[in-house]
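Remarks on the structure that follows.
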Amino acid sequence: MTASDLKTVFMGTPEFAVGTLEGLLGAGVDLVGVYTQPDRPKGRGRKMTPPPVKELALRHGIPVFQPQKLRDPEAVAELQQLDPDLIVVVAYGQILPQSVLDIPRFGCINVHASLLPKFRGAAPINKAIIDGEKVTGITTMLMDAGLDTGDMLVRKSLEIGPDETAGELHDRLALLGRETMLETLQQVLDGTLSPQQQNDDESSYAPMMKKEDGRIDWSLSAQEVHDRVRGLAPWPGAFTRLDGEVLKIAQTQVVDGAGDAGTVVAASADGVDVACCDGVIRIGALQLPGKKMLSAADFLRGCQLEKGQILE
């Protein structure tokens, strides 16, 4: 079988999925349809904006489908009419019902941004950094009715930089996801897939991030705070409170020092140093409500933040 013989449906929504769709286009598979989330209002003007995957699909003349709920009988029937041999799923944003999983003869293959069974769920990239992991990667798997519980196909790992943010890791994993899916595709074509069952005893969960997850707990260690700040960048972003106001923080590093947790121990153009339970975090960028994110030097020119002040 060649790639052009493989009738394929792609399901994905955000920028993370774009690279894999480009890879499938380059590989020459017969893309008979792209499924993505409905257009959403975005920005201050709340203008209806198509997902990145939709924009790419339309540029290549691929039919686009945007059902509100994929499990609706009408949506399932529409998908059955496409008669795909394979469905590739990358950050689609909807759970595939069994009625969809049963359609393609080669199954539904998901590209997941962790080394399964670790970090099943919606936010594996954030969770890996927040938990202080040194290595993560991509796993392709045959989807089943569970949440990221299907048999693993291909796993590829990469190291996480000590100061790497979730946004930076996202971009690198998107490229690795494309590579991993193309290797998996070749195994589909060659008939050499070798599914491996996940060990549920080794599994962990990475739930969807919420804005409240950005709140910093200064009673954690300096390394834990640093990992949390970079794991929350760029979204939802890390924050604390200064005199009752939300203070967003970014660009942290662990430095020498000590003090009571949450207390500013130094404030200079080099950064704002805040004590944690076992050390000090230096904050390089800060932002008050309605303002821009500023370097510590620029922030301190317009906001009084001194040694001894307490961040909540």
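The values are calculated or read from the model by the stated rules, or taken from the named source; none is laboratory data. Values in this document were obtained by computation on a predicted structure and should not be read as measured data. Using ideal geometry, Cβ is built from the backbone for each residue, glycine included, and neighbour counts are taken over all protein chains shown. Accessible surface areas use protein heavy atoms only, side chains included; no ligands, DNA or RNA. Shrake-Rupley method; radii C 1.70, N 1.55, O 1.52, S 1.80 Å.
Round to a whole number: what % of the accessible area of the chain belongs to carbon and sulfur, probe 1.4 Å?
49 percent
Mind telling me which of Pro117, Pro67, Pro84 comes out most flexible in a GNM of the chain, alpha-carbon contacts under 10 Å?
Ranking Pro117, Pro67, Pro84 by mean-square fluctuation puts Pro67 first.
List the residues, sorted by chain then number, that are 5 or more residues from Thr49 or on another chain and whose placed amide H is less than 5 Å from its amide H.
Those qualifying (amide H under 5 Å, at least 5 residues apart or on another chain) are Arg40, Lys42.
Name the trypsin sites (Lys or Arg not before Pro) in region 204-254 that are in a loop by DSSP and that have at most 13 other C-beta atoms within 10 Å, would you?
When the trypsin sites (Lys or Arg not before Pro) of region 204-254 are filtered for loop state and at most 13 Cβ neighbours within 10 Å, Lys210 remain.
Expressed as a whole percent, how much of the Cα-Cα distance distribution for region 217-308 exceeds 21 Å?
21 percent
So what's the Cα pair-distance distribution over region 136-197, bin width 10 Å, in %?
21, 43, 28, 7, 0
Suppose the Debye formula is applied to equal point scatterers at every Cα of region 140-299; what is log10 I(q)/I(0) at q = 0.21 Å⁻¹?
The Debye formula, applied to the Cα set alone, gives -1.34.
What accessible area per residue comes out for the chain, rounded to a whole number of Å², with a 1.4 Å probe?
Computed with neighbouring chains in place, this is 49 Å² per residue.
Just the projected area, averaged over all directions, of the convex hull on the alpha carbon atoms of region 1-57: how many nm²?
Averaged projected hull area, Cα only: 3.8 nm².
Tell me which residues come under 5 Å, amide H to amide H, from Ala267 once H is placed; ignore anything under 5 positions away on its chain.
Amide H neighbours of Ala267, under 5 Å, 5+ apart: Asp273, Lys307.
Report the normalised scattering of region 157-248 as log10 I(q)/I(0) at q = 0.17, 0.20 Å⁻¹, calculated by the Debye formula with identical scatterers on the alpha carbons.
Each listed q maps to, in turn, -0.93, -1.09.
Over 25 Å apart: what share of the alpha carbon pairs of the chain falls there, rounded to a whole percent?
I get 55 percent for the Cα pairs in the chain exceeding 25 Å.
Restricting to Cα pairs below 8 Å that are 6+ residues apart, what does the relative contact order work out to for the chain? Please round to a whole percent.
Here the relative contact order equals 13 percent.
Filter the trypsin sites (Lys or Arg not before Pro) in region 75-139 to those in DSSP coil with at most 14 other Cβ atoms within 10 Å of their Cβ, and list the result.
Of the trypsin sites (Lys or Arg not before Pro), the ones in loops of region 75-139 whose Cβ has at most 14 other Cβ atoms within 10 Å are Arg105, Lys134.
Report the far tail of the P(r) of region 1-159, meaning the percent of Cα-Cα pairs longer than 21 Å.
47 percent
Looking at the chain, what % of its DSSP beta bridges pair antiparallel, to the nearest 5?
Just about 70 percent of them are antiparallel.
Where does region 124-167 land on Rg/Rh, using Cα atoms and the Kirkwood Rh?
Value, to two decimals: 1.05.
Net charge near Ile109, counting Lys/Arg +1 and Asp/Glu -1 over other residues with Cβ under 15 Å of its Cβ?
Neighbourhood net charge equals -3.
Please list, in order along region 277-284, the HN-Hα scalar couplings obtained from phi with the Karplus expression 6.51 cos²θ - 1.76 cosθ + 1.60 (θ = phi - 60°), rounded to whole Hz, x for Gly and Pro.
Each residue's phi maps through the Karplus curve to give 5, 9, x, 9, 9, 9, 9, x Hz.
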